[in-house]
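Have a look at the structure below, then the notes.
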Amino acid sequence: MGRVPVGPKVSYILPHLHNGWQVDQAVLSEEDRVVVIWFGHDWDPACMKMDEVLCFKVKNVAVIYLVDITEVPDFNKMYELYDPCTVMFFFRNKHIAIDLGTGNNNNKINWGTEDKEEMIDIIETVYGGGARKCRGLVVSPKDYSTKYRY
């Protein structure tokens, strides 16, 4: 499969889901791992933070997909996908919400991170604290309430 650049940088590592049916099947079909879906654009720098290293480090507990919100607008209103990059977690067809300490009631990550270890910690918390214990809400290992204070 050849790589054809669509912009200055394109995410090649993460599998892409190209329609609503594929998103539904990804969430429905995974029985043992957390499904992490990055809603955004594969050329967006915030979405480019996920790469091969991260995918390999969490492959036993999570499977990660990228959904271009312009190509697949089906979930934009339902999940309030207004940010350039939004990360959501699912386990056995159930959304696992994460309390990030931000007061954001959406319970999803709506910013990019450059710290791969931080993202790994979040995914492992979702897997161990939510998915494995059948909880629909987990508390983030880090409080992000002061993330954007200057």
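A short reminder: the numbers here are calculations on the coordinates, not readings from a lab. Since this is a predicted model, take the numbers as computed values, not measurements. For neighbour counting, all protein chains shown are included, and Cβ atoms are generated from backbone atoms with ideal geometry for every residue, glycine included.
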Check: How do 129-136, 95-102, 59-66, 70-77 rank on mean C-beta neighbours within 10 Å, highest first?
Finding: 95-102, 59-66, 129-136, 70-77
Note to self: Could you compute the net charge surrounding residue 91? Neighbours are other residues with a C-beta less than 12 Å from the C-beta of residue 91; K and R count +1, D and E count -1.
What the structure shows: +3
Notebook entry, point to check: Each label point is 7 Å from the Cα along the Cα-to-Cβ direction; what then is the distance between the points at residue 32 and residue 124, in nm?
Noted result: 1.9
